[in-house]
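The values are calculated or read from the model by the stated rules, or taken from the named source; none is laboratory data. Model, not experiment: these values are computed from the prediction. Here the Cβ positions follow ideal geometry from the backbone for every residue, glycine too, while neighbour counts run over all protein chains shown. These accessible areas exclude ligands, DNA and RNA; they are computed on the full protein's heavy atoms, side chains included. Shrake-Rupley method; radii C 1.70, N 1.55, O 1.52, S 1.80 Å.
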Amino acid sequence: MQEISGGEVAALILKREGVEKVFGIIDGTYFGFYASLRKHGLDLISPRHETSAAHMAGAYARLTGRLGVCMASNGPGVANILPGLVVEEAEGNRVLVITSCRRTGISYPDRGGTYQYFDQSGTIGRFAKWSVAVPSFDRIPEIMRMALRKCFEGRPGVVHVDIPESIMNTKVKAAPAFWDVARYRRTTAPHPAPELIEQAADLLLGAQLPIIHAGSGVIHALAYKELEAVAELLQTPVVTSWAGRGVLREDSPLAIPMIHVKLNHIVRNAADVVLTLGSRLGETDWWGKAPYWRRANEQKMIQVDLDGSILGANKPADVIVQADIKVFLQELLKRLAARRAELNSGDRAARLKKFGEYRAKYRASLDRALADNRAPMHPARAPAIASATFPKDAIFVADGGNTAIWANFYHAMTTPGTLLSTFKFGMLGAGVAQALGAAAAFPDRAVCCIIGDGAMGFHPQEIETAIRNKMRVVYMVLCDKQWGMVKMNQQFTLKPWKTLLFKSLGPDETINADLGEIAFDKLAESMGAHGERVSHPDELQAAIRRSLDCGRCAVIHVDVDPVKHMWAPGLIHFKEMHQEPKG
């Protein structure tokens, strides 16, 4: 028997689970928890806003394949973290959030008028994988074990444990049982049945043109090498969901990057067999339907996912495999290699050559913008120069409306698993903290966040978090002083012909679409960061190098042409995506 608080019990279970970092803001309501983190060697990294803690945990989890843990205090702290949790659940990142709530006896249910109380578990439980309130001290180990099982079952997402402050902080004489991880949850990846591997191999080897459609499940499984090996053996094109971008190095002749939207449609219609890996085939994949994909009665599909509920849900599948993506690809590769002589290569080489020519032609048309050497800068220049200047293993974060589009279209991904964004949710401002999570995961690697001035305005205070925690993130803020994507939509709605003729309307012709200036370089300097401001493209590379060499967080305020910034590439496809496909 020993005197121990409920918070220390939770902390010790996390330590046994292998957790090394927790993200969150301190508060007296869970002192027993975060004091125990320090006591037992877990790092507590504190942002300036709770929602940033959720994004830091999500980015950390996505990049490392480990569990991301964040925390928030009762009432306003939990209210603040809610937006971040909604996003991390939507993006499918493995996040455990531990919160405090008011003491037992006045909460669950509210006595009526309880200070800083709302139904935290019920609220989070409406969108998270699992959420529970701890009713008593003795049930903490059981509930924490259950929560950790939920974290590692099925599709990654948010799991929540709410512990009353009276249980969290009060020490009692107890002997809680701490089990080894393997005694309460699965620690080996789910394996596919051998007969399903055989069926998948049959379809792929006999196909005229098989393709691989890779989603973020490949990222969570860290299955980059296995994906490339299978694609190389089959000589099959690899398309991705938006969230799966960069699972295959994009200088590979087999890669069909998601920015080549029309080419993706061509490839998906040409395929007679699709191997879908860790993708729900959702709206940004046009639901897997015609005319963007070949009709289901003409196209066989093998679907592999940890989440059984999504298998065959949006597009009928001929072979359904509930398994870990990495393990599936390892087993498939063995079977394909053993049966290599059966490969029906057909005219695959000619098709791949044609796809490559299409890709090169579209890339050349995009790259014409890079000849623009005027100030303020063409927005294509910033991500292109950043891509050429940062180390190849640098982690890039794309945030904003049109800024995220420019970043995706002009940043070349040659190292898998180095891109963060909110592809599913499109959350402005999340990238500020995602960059911090990346720096926490890989402190020795460069991190570049390309973000719009509107998005940066959501959480600029986290620059101080980077300074305090010695995180060498470089924020490149593309400043056009407008809500560019919304302004473009307004212009076409209000005065389409004038918009086409003059490319932009005046401030009095749109509705609250213009912003005032924030000098982000000066704002950064006020918090101890390195600040730069550039307007001409010839100045940017040197500014990036100085920022990388300064040894601390840096912010580069990049003035971009506001009219050119609105006319981002591919916007027509984004509009089409929202329409229901035909088939």
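Look at where the Cα atoms of the range 1-25 and of the range 228-252 average out, and the two centres are 40 Å apart.
The separation of the range 542-583 from the range 300-343, counted between C-alpha centres, amounts to 35 Å.
A simple charge model with +1 on the Cβ of Lys and Arg, -1 on the Cβ of Asp and Glu and nothing else charged puts the dipole of the chain at about 680 debye relative to its Cα centre.
A helix-only calculation puts the chain at -12000 deg cm²/dmol for mean residue ellipticity at 222 nm, using -39500 (n - 2.57) for each DSSP H run of at least four residues, averaged over all residues.
Let a ≥ b ≥ c be the square roots of the eigenvalues of the Cα gyration tensor of the range 245-288; is it rounded (a/c under 1.5), or, if not, prolate (a/b larger than b/c) or oblate?
Taking the square roots of the gyration eigenvalues as a ≥ b ≥ c, the range 245-288 is rounded.
Cβ-Cβ distance of Asp367 and His265, R₀ of 22 Å, FRET efficiency by 1/(1 + (r/R0)^6): the value works out to about 0.50. Once all protein chains are placed together, Lys334 keeps about 130 Å² accessible to a 1.4 angstrom probe. In this simple spin-label approximation, Asp549 and Ile320 carry label points 7 Å from Cα along the Cα→Cβ vector, and these lie 5.9 nm apart. Checking every one of the chymotrypsin sites (Phe, Trp or Tyr not before Pro) in the range 79-143 against DSSP loop status and a limit of 11 other Cβ atoms within 10 Å picks out Tyr115. What is the local net charge at Ile518, summed over the other residues whose Cβ is closer than 14 Å to its Cβ (Lys, Arg +1; Asp, Glu -1)? Residues near Ile518 contribute -4 overall.
Modelled label positions at Met577 and Ala79, each set 7 Å beyond Cα in the direction of Cβ, lie 3.3 nm from each other. Report in % the part of the accessible area of the range 22-97 that belongs to carbon and sulfur, leaving out ligands and nucleic acids; probe 1.4 Å. Ligands and nucleic acids excluded, carbon and sulfur give 52 percent. Estimated from the Cβ-Cβ distance and a Förster radius of 41 angstrom, the FRET efficiency linking Arg186 and Lys392 is about 0.70.
The alpha-carbon of Lys15 sits under 15 angstrom from the alpha-carbons of these aspartates and glutamates, leaving out residues fewer than 8 places away in its chain: Asp43, Asp180. Rounded to the nearest 0.05, the FRET efficiency derived from the C-beta distance between Lys334 and Thr415 at R0 = 25 Å is 0.45.
With both labels modelled 7 Å from their Cα along Cα-to-Cβ, the Ala174 to Asp119 distance reads 2.6 nm.
All other residues with a Cβ under 14 Å from the Cβ of Ser73 taken together, and with Lys, Arg as +1 and Asp, Glu as -1, what is their net charge? Mind dumping the intermediate values first?
Values: positive: Arg102, Arg103; negative: Asp27, Glu50, Asp162, Glu165.
Local net charge: -2.
Taking all protein chains together and rolling a 1.4 Å probe, Thr170 ends up with roughly 70 Å² accessible. Positive end of the dipole of the range 128-230 (Cβ unit charges, origin at the Cα centre): among Gly215, Thr187, Met168, the Cα lying farthest that way belongs to Met168. Ranking Thr276, Ile544, Thr414 by how far each Cα lies toward the positive end of the dipole of the chain (charges on Cβ) leaves Thr276 at the top.
Using a cutoff of 8 angstrom between alpha carbon atoms and counting only pairs six or more residues apart, the relative contact order for the range 48-206 works out to 22 percent. For the range 215-322, with all protein chains in place and a probe radius of 1.4 Å, 50% of the accessible heavy-atom surface sits on carbon or sulfur. Of Val267, Val86, the residue with the largest accessible area leads and the full order is Val86, Val267 (1.4 Å probe). Which shape class applies to the range 458-502: rounded if a/c is under 1.5, otherwise prolate when a/b exceeds b/c and oblate if not, where a ≥ b ≥ c are the square roots of the Cα gyration tensor eigenvalues? It is prolate, given that a/c is not under 1.5 and a/b is the larger ratio. Averaging sequence separations of C-alpha pairs under 8 Å and six or more residues apart, then dividing by the length of the chain, give the relative contact order as a whole percent. After rounding, I find 13 percent. Here the range 487-583 is treated as an ellipsoid with the same Cα gyration tensor; its semi-axes, largest first and in whole Å, are 35, 18, 13.
Placing +1 on each Lys and Arg Cβ and -1 on each Asp and Glu Cβ, with no other charges, gives the range 290-426 a dipole about its Cα centre of roughly 560 debye.
A straight Cα-to-Cα reach below 23 Å connects Lys334 with the lysines Lys225, Lys300, Lys326, residues fewer than 8 places away in its own chain not being considered.
Descending by average beta-carbon neighbour count within 10 Å, the peptides 467-476, 293-302, 44-53 line up as 44-53, 467-476, 293-302, the highest first. Using only Cα atoms, locate the centre of the range 87-158 and the centre of the range 462-489, then give the distance between them in Å, rounded to an integer. The range 87-158 and the range 462-489 have Cα centres spaced 31 Å from each other.
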